[in-house]
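For reference, the structure discussed in these notes is given below.
The values are calculated or read from the model by the stated rules, or taken from the named source; none is laboratory data. A quick note: this is a predicted structure, and the numbers were derived from the prediction, not measured. For neighbour counting, all protein chains shown are included, and Cβ atoms are generated from backbone atoms with ideal geometry for every residue, glycine included. Heavy atoms of the whole protein, side chains included, go into the accessibility calculation; ligands, DNA and RNA do not. Shrake-Rupley method; radii C 1.70, N 1.55, O 1.52, S 1.80 Å.
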Amino acid sequence: MKLGQPIRRRPTPDAGLVAALAARLGCPVLARVYAARGVAVDDVSYATQRLLPPDALLGIDAAADLVARVLTDGGRLLVVADYDADGATGCALAVRGLRALGAAAVEYLVPSRFTTGYGLSAEVAEAALARRPDLVLTVDNGITAFDGIARLRAADVPVVVTDHHLPADHLPAANAIVNPRLPGDGFPSKHLAGVGVMFYLLLALRARLRAMGWFSAARPEPNLAQALDLVALGTVADVVPLDYNNRLLVAQGLARLNAGSGQAGVRALLGLGAGKARVTAGDLAFRAGPRLNAAGRMDDMGLGIECLLCDDPATAAEMAAQLDALNHERRAVEAQMQAQATAHTDALPDPLPAALCLHDADWHPGVVGIVAARLRERYGRPAVAFAPAEDGRWRGSARSLPGVHIRDALAAVAASQPGLIEKFGGHAMAAGLTLAGEHLPRFAAALSAAVLAQTGGALPEDALLSDGPLDPALLTLGLAERLHGAGPWGQGFAAPLFDDVFELRGVRGVGADHLRLQLAPVGGGGAIPAIAWRAAALQGQLGPRLHVAYRPQVNDWRGERQVQLLVEGLATI
């Protein structure tokens, strides 16, 4: 957290919409929050009947036909996945879904972050051919896998790509491609995660098999919605924008977890047992997601996928414990790398470049993405962190802020300086790339120039967007619980954030890097407990009166529940 980050209030929402939502929800504060995010009255419901149908996805019929043909012929299906949480959940969904639909032989293959790198490369294609598949099906990768797909096609192995990353200016020679970001694709939701694209392919495949008369009393048609907890976890963990369709997918997955169902592995990653509290998207984002991602960051994502495929709760719990241990290891590595990255950045001359590009020969390749995210948060600009790869190359992970499309910035660098970047890919807010070590200084300058060219010469303001003040009398446990259980909140559909002026009645450090505060509303009333994460460095800079951006939350400590403020922004006034 940084002191003095600008806090801007959202425009006042339409009063009529607020009133209509309040009548539907019975909570004026939640109605105001929803209206400020453009939620229509009908969109507070997440019924499965409102899920967008798959037929608008370009190429999905061809993909379903091909997979159905191989499946009904008893062919061998090989899923090639990414090594992050989206890829792992998509892989587990594909394997579970294909088996439930009657596939006789389904295997999976996951590249290594440390050896082969991302995606269906030529090297990964050779490993796939060793499995002798009759069809290769990608999940969360493949849209730029030109060499790997060409190798498979040369060996007469058909390839179906399911992906959600932005395509290049031409497409690989796959037999079928399903990606809502393809040019000309008419699917209304462009923000499906990789696991979401796979879910839609399974829906289309089930419909195709139904039309073929594949299902019978001996081979019943599966309920694919039973795996929506996997879709929810991958969607939230990949931080894709939560448009209505994605919120529906997440809400349905959460509903299954809260009803006591869901995959044993997902429940184990969440630490769920009898009597556990309600699961929210935040639990997926900050509990299950990091534990699952730790496998791909620190070791091998095969452990994470096996956990998601496991049906025995005790075995799944053992795997989840291993993943939790890896996540603790990741935290320790991250803390050391973050301290080094901050020291490197603070040593740079003013003004800082428009994009930060840092590298260190000792940095862990599985943690650079988190370091880049922390740099972007601390310094309010895009950041790329690099770790060494093979043959003098460096692999970088980039994170951006709203208003800077980082993948487009990389594309601009690649176009203006051919050969500078060996390969890259990603989204508006996150991307990955590989380049030769000698190109690092030139790349740093080129990326800053590309960012400024994209933004008109000045970085966008890195401001917190607030829902405005909240009457202190409304800061109750009941409201905190209602807001916490609504949503689902996440990227592009931010949890409620309020701001107001408070008197600082007390402050102390807690843990390694956090602050516990006592904040009293200036208008009167007792002090309210508050927590500010990663804010210990600010303790000596806080004045007696503060402008605070906060989220009301429930603090459940040793069975005692009370409302507290989660501080997101602080400014001394």
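Restricted to the range 123-145, and to residues that are closer than 20 Å to residue 431 by Cβ and part of a loop (DSSP other than H, G, I, E, B), which residue is most open to solvent (accessible area, probe 1.4 Å)?
Applying the filter and picking the extreme gives 144.
So which helices (runs of 4 or more DSSP H) stay within the range 1-85 end to end and still have 3 or more residues that are open to solvent by less than 60 Å² (accessible area, probe 1.4 Å) and in contact with a strand residue (DSSP E or B) (Cβ under 8 Å, 6 or more places away or on another chain)?
Here the list reads 60-72.
For every residue, the table says whether it meets (1) within 25 Å of residue 551 (Cβ to Cβ); (2) open to solvent by 10 Å² or more (accessible area, probe 1.4 Å); (3) in contact (Cβ under 8 Å) with a residue 24 or more places away in the chain; (4) among the hydroxyl-bearing types (Ser, Thr, Tyr).
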site	(1), (2), (3), (4)
234	yes, no, yes, no
238	yes, yes, yes, no
260	no, yes, no, no
264	no, yes, yes, no
269	yes, no, yes, no
282	yes, yes, yes, no
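When you go through 26, 87 one by one, which is the residue that is over 22 Å from residue 208 (Cβ atoms) and free of Cβ contacts under 8 Å to residues at least 12 places away in the same chain?
Answer to the check: 26.
Just need a number here: residues in the range 104-127 that are among the β-branched types (Val, Ile, Thr) and modelled with pLDDT under 95.
Looking only at the range 104-127, we keep the residues that are among the β-branched types (Val, Ile, Thr), and these are 106, 110, 115-116, 124.
Remaining after also requiring modelled with pLDDT under 95: 115-116.
Number of matching residues: 2.
Regarding the range 143-162, can at least one residue be identified that is at pLDDT 95 or above, closer than 23 Å to residue 239 by Cα, touching a helix residue (DSSP H, G or I) at 6+ places or on another chain (Cβ under 8 Å) and of a type in the set (Asp, Glu)?
no
Testing residue 201 on (1) in contact (Cβ under 8 Å) with a residue 24 or more places away in the chain; (2) of a type in the set (A, V, I, L, M, F, W, C); (3) more than 30 Å from residue 402 (Cβ to Cβ); (4) open to solvent by 10 Å² or more (accessible area, probe 1.4 Å), one condition comes back false. Which one is that?
Against the list (1) in contact (Cβ under 8 Å) with a residue 24 or more places away in the chain; (2) of a type in the set (A, V, I, L, M, F, W, C); (3) more than 30 Å from residue 402 (Cβ to Cβ); (4) open to solvent by 10 Å² or more (accessible area, probe 1.4 Å), residue 201 comes up short only on (4).
Out of all the residues in the range 368-398, which are β-branched (Val, Ile, Thr) and over 14 Å from residue 444 (Cα atoms)?
368, 370, 371
Out of 166, 192, I need the residue that is assigned to a loop (DSSP other than H, G, I, E, B) and out of contact with any Phe, Trp or Tyr (no Cβ under 8 Å at 6 or more places or on another chain). Which one?
Unique residue meeting the criteria: 166.
Suppose we filter the range 556-567 for residues that are assigned to a strand (DSSP E or B) and either touching a helix residue (DSSP H, G or I) at 6+ places or on another chain (Cβ under 9 Å) or open to solvent by 60 Å² or more (accessible area, probe 1.4 Å) (or both); how many remain?
Matching residues across the range 556-567 total 7.
Which residue, of 520, 549, is in contact with a Ser or Thr (Cβ under 6 Å, 6 or more places away or on another chain), part of a strand (DSSP E or B) and in contact (Cβ under 8 Å) with a residue 12 or more places away in the chain?
The match here is 549.
Only one of these is under 28 Å from residue 251 (Cα atoms) and of a type in the set (Asp, Glu): 499, 513. Name it.
Numbers: 513 fails: under 28 Å from residue 251 (Cα atoms).
Being under 28 Å from residue 251 (Cα atoms) and of a type in the set (Asp, Glu) holds for just one of 499, 513, which is 499.
For residues that are assigned to a loop (DSSP other than H, G, I, E, B) and more than 22 Å from the chain's Cα centre (by Cα), scanning just the range 106-122, find the one that is surrounded by the fewest Cβ atoms within 10 Å (Cβ to Cβ). Steps first, answer last, please.
The initial filter retains those residues of the range 106-122 that are assigned to a loop (DSSP other than H, G, I, E, B), namely 110-121.
Remaining after also requiring more than 22 Å from the chain's Cα centre (by Cα): 115-116, 121.
Details: 115: 10, 116: 19, 121: 19.
Result: 115.
Considering only the range 475-506, state which residues are under 25 Å from residue 429 (Cβ atoms) and out of contact with any His (no Cβ under 9 Å at 6 or more places or on another chain).
Answer for the range 475-506, where residues must be under 25 Å from residue 429 (Cβ atoms) and out of contact with any His (no Cβ under 9 Å at 6 or more places or on another chain): 483, 484, 486, 487, 488, 489, 490, 493, 494, 496, 497, 498.
Could you grab the pairs with beta carbons closer than 7 Å, sequence gap of 6+ or different chains, first residue in the range 131-142 and touching a residue at least 24 places away in the same chain (Cβ under 8 Å), second one outside any loop (DSSP other than H, G, I, E, B) and of a type in the set (D, E, K, R)?
131/107; 132/76; 133/76; 134/76; 140/86
Which condition breaks for residue 102 when tested against (1) touching a residue at least 40 places away in the same chain (Cβ under 8 Å); (2) over 30 Å from residue 323 (Cβ atoms); (3) within 27 Å of the chain's Cα centre (by Cα); (4) not in a helix (DSSP H, G or I)?
Tallying (1) touching a residue at least 40 places away in the same chain (Cβ under 8 Å); (2) over 30 Å from residue 323 (Cβ atoms); (3) within 27 Å of the chain's Cα centre (by Cα); (4) not in a helix (DSSP H, G or I), residue 102 fails exactly one: (3).
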